[in-house]
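Remarks on the structure that follows.
Nothing in this text is a laboratory measurement; each read-out follows from the coordinates by a stated rule. These figures come from a predicted structure and were not determined experimentally. With ideal geometry, Cβ positions are generated from the backbone for all residues, glycine too; neighbour counts draw on all protein chains shown.
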Amino acid sequence: MGRIIAVAQQKGGAGKTMLVTQLGAALAELGTVALLDTDPQASLTAWGRLRASAAKAKTALDTSTVSGWRLAGELETLKSAYDYIIIDTPPVIDSDARRAIRGADLVLVPLNPAPPDLWAAEGTLKMTFEERRPAVLLFNRAPAASRLRKRLEAEIAARRLSLLSAALANRAGYANAFAEGLGVTEAAPASQAAEEVRAARQALLTRLEDPAALAT
Ligand SMILES: Nc1ncnc2c1ncn2[C@@H]1O[C@H](COP(=O)(O)OP(=O)(O)OP(=O)(O)O)[C@@H](O)[C@H]1O
Ligand SMILES: [Mg+2]
């Protein structure tokens, strides 16, 4: 049975779609992966189209678009055919976001390590709590060490929220790979960005095994 990860964060531009593509490409090194676009902006679908003609794409990575009540049925079908299913969601809190969260084994919430991004995630976190789904935060565009990041880590720990120790820095490589329909693990397999993504993949897989853990 496949495992389902929903990438959700009410705040726009937090890196949801970028993460779906990076983790999708990296997980495809380990198993079969399906990506689901539930965002009307359809940027994941656009990435999938670019990928179809990308010479460096190592796997096909099935990308489909689905919305509304069809999501639950689609997830059931995909679960029996793929090892990992990753859902990209729009930057809103509505019934579609709830369906994606409800259908997930784990909800991944990317955020810049700055207080406004945590405040903006409250609606998403509340929904995961209501749907009794484990949520895990991931710092994106994170400086290696900063006072703000440390402060936010302390706040997250105090609230007993879960944070992946693996974070992604702000790197042109992510945007460049995206523009080519690739993940950084394909576009630049030996880069620091690829190393970061593989570390995030590992932390995520560990968390899928033990969703209640607070730190990985
Ligand atoms: N770590 C990063 N380093 C460099 N650029 C990044 C990083 N993360 C995201 N970006 C860039 O920031 C922009 C927003 O990212 P993305 O589209 O993934 O966010 P999103 O959360 O999906 O946005 P939306 O809420 O509109 O769907 C994109 O141009 C993306 O390439
Ligand atoms: Mg997006």
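Restricting to Cα atoms and excluding each atom paired with itself, what does the Kirkwood estimate give for the chain in Å? Write down the numbers at each step before the final one.
Values: mean 1/r = 0.0589 Å⁻¹.
Computed over Cα pairs of the chain, the Kirkwood hydrodynamic radius comes out at 17.0 Å.
Among the listed pairs K58/K150; K58/K79; K79/K126; K11/K56; K11/K58; K11/K150, those with a Cα-Cα distance over 28 Å are K58/K150; K11/K56; K11/K58. The antiparallel fraction among DSSP beta bridges confined to the chain stands at about 0%.
Here region 1-100 yields Rg over Rh of 0.94, to two decimals, using C-alpha coordinates and the Kirkwood radius.
Among residues other than L163 with Cβ under 11 Å from its Cβ, the summed charge is +2 (Lys and Arg +1, Asp and Glu -1).
Helix-only estimate, please: 222 nm mean residue ellipticity of the chain, summing -39500 (n - 2.57) across DSSP H runs of length 4 or more and dividing by its residues, to the nearest 500. Walk me through the numbers before you get to the answer.
Working: 10 runs with 99 residues, N = 216.
Helices in the chain give a 222 nm mean residue ellipticity of -13500 deg cm²/dmol.
Summing charges over neighbours of A72, with a neighbour being any other residue whose Cβ is under 12 Å away from its Cβ, gives +2 when K and R count +1 and D and E count -1.
Quick check on the exposure proxy: order D62, D117 from fewest to most C-beta atoms within 10 angstrom. Walk me through the numbers on the way to the answer.
Values: D62 16, D117 20.
Listed from fewest to most nearby Cβ atoms, that is D62, D117.
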